[in-house]
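The structure under discussion appears below in the form of structure tokens.
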Amino acid sequence: MKYSLFFVFIFIQLFSPYSTSLFAQKTTLKSTDSISAYFNLTESDTIPEIKKLENINHFLKGAFLYKKDSLIYKGLMRKTKILNKLKKRDSAIYYSEFLYDYAKENKNLIFQQKALTKLGIYHKNKNQLAKAFSYHNKAFKISRTTNDSLEAGKSLLYMANIQKSLGDHIGSKITATDGLRHIESTSETKRISGLLLNISVAYKEQKNFDKALEYNTKALSLEKESLLIEKIGKSTFLKLKSAKANILALNGKFNESIDILSKLLLDSIVINDQKEYARVISNLGYTKWLENPNNTSSDSLLQKALTIRKNKKDTQGLIASNIHLTKYYLDTDKEKALTYAEGAYLKAKKRNSRTAILEALGFIFDLKENITEEAKIYHTVNEEIKSINQSNRDLYADTKYENEKLEKENAEKDKQVLKTRNQNIIYISISIVLLLLAGFITYLLNRRNKDLKQKAVKLKQQNKIDKLETSYKERIQFSKKIHDSFAAKLYGIMMSIKNGIDTSKILDQIDDVYNQSRNFSRENSEIDTGENYKNELSEMLRSYTPPTTQSYIKGLASINWSALSALDKIALFTTLQELMINMKKHSQTDVVTVTFSKDKDYLKVNYFDNGKGASVTEMNKKNGLKNTESRIQAINGTIKFDTEKGDGFKAEIRIPN
């Protein structure tokens, strides 16, 4: 996925369906603001998707013309989405690859991750499951590099879904369980419910119905029902309820299952959605048959569902209906059962649903005498599924090993932090003892001073002279501090300018004076550490973000700020303020991310920008960044910087609970 500058130019010229040259467009596109109207049109619900594609092409022309990376990313993200809606999946994949390469060339990890996720989704839509899994696994690796737990959980959900569709329920359960570790403490209800559903299905397929019901119930109990429906959508909620009914039926709890399915049939969404309605009545008919093979309503319900699915051309639904009817007639009418099994097989082949092919062929083997051709297909597909599942497990196993290695390294760092904290406790204890000793000595001196009161009266005049001298010395000391901090350095800057010293060195000198003056002014500044702290912190982070930079603030609302002391809040606020000032002045970034997360031991804050970074020498010159270390260490926390020249800037802050 590499593109030379020549091909980039060809891309700009040719991706629009219009023949107007890019240079002719320059006369009409006066500024980046003039192309925003094209993008806005792609957000309208009244404009057809094909028209949206034309508008996004115009937008991208302007974005490339003005060389605005943020607009290029924005345009490519929207274009791939539109192409996918138009079912032009090969084109959606092509431009997603272009987005990935462009982001990789610019070392933008965020959009590399987004592009890989899109490639995973689009390849899954084409039923290219091995490729889809690989792309989501790569996206997961990047999310671990950027410490983005939400995106890590999202990638693992996609991977678990693919494993489930391939019948690898053990692998799906392992992946989904890992996904929960990343996001179970967040507010990502929709993704958490999806992971729980995967685990529930895995237990169901392993015939552990109690565990299957436990995880399905967990998914349905994440929020109050009305709020859960709002967060995950009514359709997903109904699928969870229907899945619960199926688990109950397989566990022999038919009355409970039938009660759930009967209530679903009264739901307005089910009534108005024919595919959903057919799914519910098919499950109801099958459950009633499991309860009583001689009941009179099962066949009519199953046939009704089959008819609806034929009319709606619902291939996946037709596979399910034919399997249900195969089981229904398996012991009473083998000819009909074979007809339905062959129907399921043909639909599964059309959809290239490997697990459904195997299930249908399993019934055909039981019902048909001549099975030579089907046996070959069964063997081929079975081996294919084994190969893909093994490949997926190996691929994720490597990633999981890297993940566990990273966690082990972090655990070692935590031990070091604990050691440092214990040392600090010892130092503080020694300091307290010294202070108590000093107080005792002061007390003894005061007693002695009482005895010397008479002598003090005689020396009153001399004491006045001493006070004057002390005051004078304090003024001299403060004056010297001001002179050393500002006047002397300003004089040095003037001499540097006069002598024609290198501009970068002069800027460093000015930066030093600025940082010191800022530190003086901030010593008495006030930060609201009360209920408004979260809003003030958010406002500060956004206020320091330049207009040309995209900022992402994640997890801020998930932190219990009232649990932090005022001193912790002030130290964190001023440290992040320093990082944002450094970014604004030096990094030349177009994306900055600040992620807040919490575990049982630490509040963790990860800062990342994709700017020019800094060398070790440059880092040593930045007094502001040195001050951040002092502030965080003062509250027994840690701050770690990770930066190289031209390779972005990362910082990780940990504040102990």
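The values are calculated or read from the model by the stated rules, or taken from the named source; none is laboratory data. The model shown is predicted, which means the values in this text are computed figures rather than measured ones. Positions of Cβ are generated from backbone atoms using ideal geometry, with glycine treated the same way; all protein chains shown enter the neighbour counts.
Structure data summary
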item: Within the stretch 271-314, considering residues that are surrounded by 15 or more Cβ atoms within 10 Å (Cβ to Cβ) and among the β-branched types (Val, Ile, Thr), the one farthest from LEU240 (Cα to Cα); result: ILE308
item: Any hit, the stretch 226-248, residues being under 17 Å from LEU197 (Cα atoms) and touching a Gly at 6+ places or on another chain (Cβ under 9 Å); result: yes
item: Residue tally, condition more than 22 Å from GLU629 (Cα to Cα), small (Gly, Ala, Ser) and in a helix (DSSP H, G or I), over the stretch 524-562; result: 4
item: GLN113 among the polar types (S, T, N, Q), touching a His at 6+ places or on another chain (Cβ under 8 Å) and buried (at least 22 other Cβ atoms within 10 Å of the Cβ); result: no
item: Single match in SER242, SER226, SER235 (criterion: out of contact with any Ser or Thr (no Cβ under 6 Å at 6 or more places or on another chain), hydroxyl-bearing (Ser, Thr, Tyr) and free of Cβ contacts under 8 Å to residues at least 40 places away in the same chain); result: SER226
item: All positions within the stretch 327-366 that are touching a residue at least 40 places away in the same chain (Cβ under 8 Å), of a type in the set (A, V, I, L, M) and closer than 20 Å to GLY285 by Cα; result: ALA360
item: Wholly within the stretch 1-116, helices (runs of 4 or more DSSP H) carrying at least 2 residues that are touching a helix residue (DSSP H, G or I) at 6+ places or on another chain (Cβ under 9 Å) and at pLDDT 85 or above; result: 36-41, 49-65, 69-85, 89-105
item: Some residue of the stretch 356-365 being surrounded by fewer than 16 Cβ atoms within 10 Å (Cβ to Cβ) and either closer than 25 Å to ASN294 by Cβ or charged (D, E, K, R) (or both); result: no
item: Single condition THR146 does not satisfy, out of (1) under 29 Å from TYR203 (Cα atoms); (2) at pLDDT below 95; (3) among the polar types (S, T, N, Q); result: (1)
item: Filter result (among the aliphatic types (A, V, I, L, M) and either assigned to a loop (DSSP other than H, G, I, E, B) or touching a strand residue (DSSP E or B) at 6+ places or on another chain (Cβ under 8 Å) (or both)) within the stretch 581-614; result: MET583, VAL591, VAL592, VAL594, LEU603, VAL605, ALA614
item: Single match in THR549, THR589, THR595, THR545 (criterion: of a type outside the set (Lys, Arg), at pLDDT 90 or above and closer than 18 Å to ASN108 by Cα); result: THR595
item: Unique match (being more than 25 Å from GLY648 (Cβ to Cβ) and touching a residue at least 24 places away in the same chain (Cβ under 8 Å)) among ASP101, ASP69, ASP168; result: ASP168
item: One residue from LEU302, LEU325 being farther than 15 Å from ALA249 by Cβ and part of a helix (DSSP H, G or I); result: LEU325
item: Which listed residue, of LEU227, LEU156, is touching an Asp or Glu at 6+ places or on another chain (Cβ under 7 Å) and not assigned by TED's automatic domain parsing to the domain that holds ASP599; result: LEU156
item: Members of the stretch 232-249 that are surrounded by fewer than 15 Cβ atoms within 10 Å (Cβ to Cβ) and of a type in the set (A, V, I, L, M); result: none
item: Whichever residue in the stretch 144-153 is assigned to a helix (DSSP H, G or I) and among the polar types (S, T, N, Q) and, among such residues, is nearest to SER134 (Cα to Cα); result: THR145
item: Number of the exception - ARG144 against (1) in contact (Cβ under 8 Å) with a residue 24 or more places away in the chain; (2) crowded, with 24+ Cβ neighbours inside 10 Å; (3) within 25 Å of SER70 (Cα to Cα); result: (2)
item: Residue match in the stretch 284-294 (condition: part of a helix (DSSP H, G or I), closer than 30 Å to ILE192 by Cβ, hydrophobic (A, V, I, L, M, F, W, C) and without any contact (Cβ under 8 Å) to a residue 60 or more places away in the chain); result: yes
item: Where a residue in the stretch 79-91 is more than 11 Å from ILE50 (Cβ to Cβ) and its partner, wherever it lies, is of a type outside the set (A, V, I, L, M) and part of a helix (DSSP H, G or I), with Cβ under 6 Å and at least six apart; result: LYS79/TYR95; THR80/TYR95; THR80/SER96; THR80/LYS118; ARG89/TYR122; ARG89/ASN125
item: Selection within the stretch 154-205 - charged (D, E, K, R), part of a helix (DSSP H, G or I), more than 14 Å from the chain's Cα centre (by Cα) and crowded, with 20+ Cβ neighbours inside 10 Å; result: LYS164, LYS173, ASP178, LYS204
item: Residue within the stretch 60-80 that is under 23 Å from LYS554 (Cβ atoms), of a type in the set (D, E, K, R) and crowded, with 21+ Cβ neighbours inside 10 Å present; result: no
item: Some residue of the stretch 625-639 being assigned to a strand (DSSP E or B) and modelled with pLDDT of 85 or more; result: yes
